[in-house]
Amino acid sequence: MDAHLRAGVAIYNAGGYHAAHDAWEDHWLDLESGTADERFLHGLIQFTAAVYHATEGNDSGATGLAGSAQEYLADVPADYRDLNVGDVREFLAALEADPDLLADRDPLTLCHDGRQPVPGTLDLEATCVAAEVVAEEGGYDEATVADAAAYARADAADETTGSPFLPLVFDFVRDPEHRDIIFQRLSEHVGRRRNREDDVTGLFE
């Protein structure tokens, strides 16, 4: 869960208010209803949705989600999983009372473990999660990015491997300006890696 949490927080802090929930949603759906983790993630998902609607000028959506997010987070400790949940609750209460709250201020910054994560500060596992979120949000081929992330993880465990996937997956998440070119290079490397794997598999069939 930690990698998904960090990835979503970093994406949110970078302004991806709509995309952030994708880092949490699959994990949240697998949790038992009513558990602390389930309420925590459900509240964060609704928090980011409330912020998204507020920035888009959807007042009713922002205030409604701000209210329901507070309900999910009401009994969650203020520093649950080292996140500034107490600040989130205060922000949500202010947004529910004033849907124009973000007209003259930025949304709340999320803090985790005493830091304010952004994509450039993520470790490999959280970056791999973020890469798949970025692919889905940006309309890139998700299977290609998922394979690239899997290859990056595998190559990181093998110190003898000079992997093109490690820097490219990091760059795909961290460098939105050149993301199209980075994705093209990722696609080429993924295609070659898949072909090599198919060749090896064919030897044993």
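The values are calculated or read from the model by the stated rules, or taken from the named source; none is laboratory data. For clarity, every value in this text was computed on a predicted model and none was experimentally measured. Cβ sites come from the backbone with ideal geometry, for glycine too, and all protein chains shown count toward neighbours.
Within the set A154, A148, A94, the sole residue that is touching a helix residue (DSSP H, G or I) at 6+ places or on another chain (Cβ under 9 Å), in a helix (DSSP H, G or I) and buried (at least 19 other Cβ atoms within 10 Å of the Cβ) turns out to be A148.
Screening L102 against (1) within 26 Å of H178 (Cβ to Cβ); (2) assigned by TED's automatic domain parsing to the domain that holds G8; (3) surrounded by 15 or more Cβ atoms within 10 Å (Cβ to Cβ) leaves a single unmet condition, (1). In this structure, is V85 closer than 30 Å to G191 by Cα and either touching a residue at least 12 places away in the same chain (Cβ under 8 Å) or among the aliphatic types (A, V, I, L, M) (or both)? So V85 fails the test. Checking each residue in segment 1-28 for being of a type in the set (F, W, Y) and under 18 Å from L124 (Cβ atoms) picks out no residue at all. Here D37 fulfils each of the conditions (1) farther than 17 Å from D113 by Cα; (2) at pLDDT below 95 apart from (1). Of all residues in segment 10-34, those satisfying the criterion of being in a helix (DSSP H, G or I) and either modelled with pLDDT of 80 or more or under 15 Å from Q46 (Cβ atoms) (or both) are A10, I11, Y12, N13, A20, H21, D22, A23, W24, E25, W28, L29.
The sole residue among T161, T201, T109, T144 that is farther than 29 Å from D59 by Cα, at pLDDT 95 or above and out of contact with any strand residue (DSSP E or B) (no Cβ under 7 Å at 6 or more places or on another chain) is T144.
Taking A93 as the residue in question, decide whether it is within 23 Å of Y72 (Cα to Cα), hydrophobic (A, V, I, L, M, F, W, C) and modelled with pLDDT of 95 or more. Yes: the conditions hold for A93.
A count restricted to segment 99-130 and to residues that are among the aliphatic types (A, V, I, L, M), touching a residue at least 12 places away in the same chain (Cβ under 8 Å) and either farther than 19 Å from L83 by Cβ or outside any loop (DSSP other than H, G, I, E, B) (or both) stands at 6. Exactly one residue among L41, L83 is surrounded by 22 or more Cβ atoms within 10 Å (Cβ to Cβ), aliphatic (A, V, I, L, M) and in the same structural domain as D106 (by TED's automatic domain parsing), and that residue is L41.
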